[in-house]
Amino acid sequence: MGYYLNNQYFADLADTVGLDLNFFPLDAIEKNPTLSAVYARLLADPMDNINLVNNKIAYGYIMLRDISNKPVGFIQIKVPRIIFQEGLSLSHHFFFIVVTLGLFVILLTWLLLKIFVLSRVLSISKQVQNISRENKFDKKIKFHGNDELASMVVSINSMMQIINTSQSQLRYVATHDSLTDLPNRELFYTLLTQAIIDADRAGSKIAVFYLDMDKFKQVNDAHGHDVGDKLLQLIAKRIRHTVRANDVAARQAGDEFIIFMSHITDLTDVNTFAEKLLTIGATPFVINDHEIRAVFSIGISIYPDDARTIEELFRHADEAMYTAKRVAVNAYRIYEKKVTLDME
């Protein structure tokens, strides 16, 4: 006994089993590329009979054969993915619950961090920014507590103290002569520039002294450069004891020193100070059991009488120093302007 596989038969079968069934004979399959692909797949592997169209629908396929075991077509069964949809809905609910709890935990954690950590960190950060902006590393961060943040503040304060000390040392090294510890030429120029501004405001004068040690090369040749360096250090020490508190002495280069006197109202003070400078070498220097005498030639120029700029002051003081060398030993000279006569 056989069955006639027509549309009515499959409609009755679908009502009987409660499934959405469709039968596709071979002639209908050959005309549809999609159905042809399914048919070819069933021929290759009868177990490869499931097609998940989307999250809501799945298709199953069953190959039908005649009594000679020849394929006559296949049945398509349309099945709603109810279990999958329920699982998907459950996962969505679970995800929503997890996200809600996560947001609540994050919000609670943020509030606790803001109260107990962030506000304190912001206070520290603000103080550090102010210190950095003002470049005042001698200040300390004010903080209360006895926890990890307090320990961190102690470390930051210690670090800033080290930075402040290092900066002071670097500033000193950059502005002082390494051999004599006197200010170097750059610092001398800076201080002299400010002194000129103050002199213009007060209507006072400034004297620049250019000191050159005579026969210093003979000292190096006779006793060595170590003795020469020690002699320069001792001369610098005596110069520091000779100058006034408001005066500045610096090492120009080699055996040359420069000094400026500020707040001069009487030029006799210049001569008096020059005489004191000449006595620096009056007492011999004892170095490695050697007695060494030092004599100087000193040139002096006066601001604003002799010059209006620092370069002119130095040039005129240098000229006066060479005049002193030619005139006498251990002598000083004040710059004198050269008078030029016009010849008719």
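When you check L103 against the structure, is it in a helix (DSSP H, G or I), touching a Phe, Trp or Tyr at 6+ places or on another chain (Cβ under 6 Å) and at pLDDT 80 or above, yes or no? No; evaluated as a whole, the condition is false for this residue. Looking at region 264-327, the strands (runs of 3 or more DSSP E) lying wholly inside it that each contain 3 or more residues that are out of contact with any Cys (no Cβ under 6 Å at 6 or more places or on another chain) and more than 24 Å from L231 (Cβ to Cβ) sit at 296-303.
Quick one: would you say Y210 is in the same structural domain as F257 (by TED's automatic domain parsing) and touching a Ser or Thr at 6+ places or on another chain (Cβ under 9 Å)? Here the answer is yes, as Y210 does meet what is asked.
Filtering region 39-63 to residues that are loosely packed, with under 10 Cβ neighbours inside 10 Å and not in a helix (DSSP H, G or I) leaves D45, M47, N54.
Screening I280 against (1) buried (at least 20 other Cβ atoms within 10 Å of the Cβ); (2) touching an Asp or Glu at 6+ places or on another chain (Cβ under 8 Å) leaves a single unmet condition, (2).
Only one entry in Y322, Y335, Y303 is free of Cβ contacts under 8 Å to residues at least 60 places away in the same chain and buried (at least 16 other Cβ atoms within 10 Å of the Cβ), namely Y335. The requirement of being over 26 Å from A14 (Cα atoms), in contact (Cβ under 8 Å) with a residue 12 or more places away in the chain and not in a strand (DSSP E or B) is fulfilled nowhere in region 24-33; no residue meets it.
Please enumerate the residues belonging to region 71-110 that are free of Cβ contacts under 8 Å to residues at least 24 places away in the same chain and closer than 30 Å to F23 by Cα. Residues satisfying the conditions are I82, I83, E86.
Taking the listed residues D20, D15, the one that is surrounded by 10 or more Cβ atoms within 10 Å (Cβ to Cβ), among the acidic types (D, E) and touching a residue at least 12 places away in the same chain (Cβ under 8 Å) is D20, with no other qualifying.
A Cβ distance below 9 Å, combined with a sequence gap of six or more or placement on separate chains, defines the contacts here; from region 264-277, residues that are assigned by TED's automatic domain parsing to the domain that holds P304 reach residues that are modelled with pLDDT of 90 or more and assigned to a helix (DSSP H, G or I) in the pairs I264/A199; I264/V270; F273/T242; K276/T242; L277/I239; L277/T242.
Within region 250-309, the set of residues being touching a strand residue (DSSP E or B) at 6+ places or on another chain (Cβ under 7 Å) and of a type in the set (G, A, S) comprises A250, S262, A274, G281, A294, S297, G299, S301, A307.
If you check K237, K205 for being modelled with pLDDT of 90 or more and over 41 Å from the mean Cα position of the chain (by Cα), only one passes: K205. A count restricted to region 189-226 and to residues that are farther than 30 Å from E291 by Cβ, basic (K, R) and in contact (Cβ under 8 Å) with a residue 40 or more places away in the chain stands at 1. Just to be sure, is Y210 touching a Gly at 6+ places or on another chain (Cβ under 9 Å) and either within 30 Å of V243 (Cα to Cα) or of a type in the set (D, E) (or both)? Taking the combined requirement at face value, the residue satisfies it. For region 57-76, how many residues are out of contact with any helix residue (DSSP H, G or I) (no Cβ under 9 Å at 6 or more places or on another chain) and more than 13 Å from V38 (Cα to Cα)? Total satisfying the criteria: 8.
The values are calculated or read from the model by the stated rules, or taken from the named source; none is laboratory data. Remember, it's a predicted structure, so these values are computed and weren't measured experimentally. Here Cβ is always computed from backbone atoms with ideal geometry, including for glycine, and neighbour counts include all displayed protein chains.
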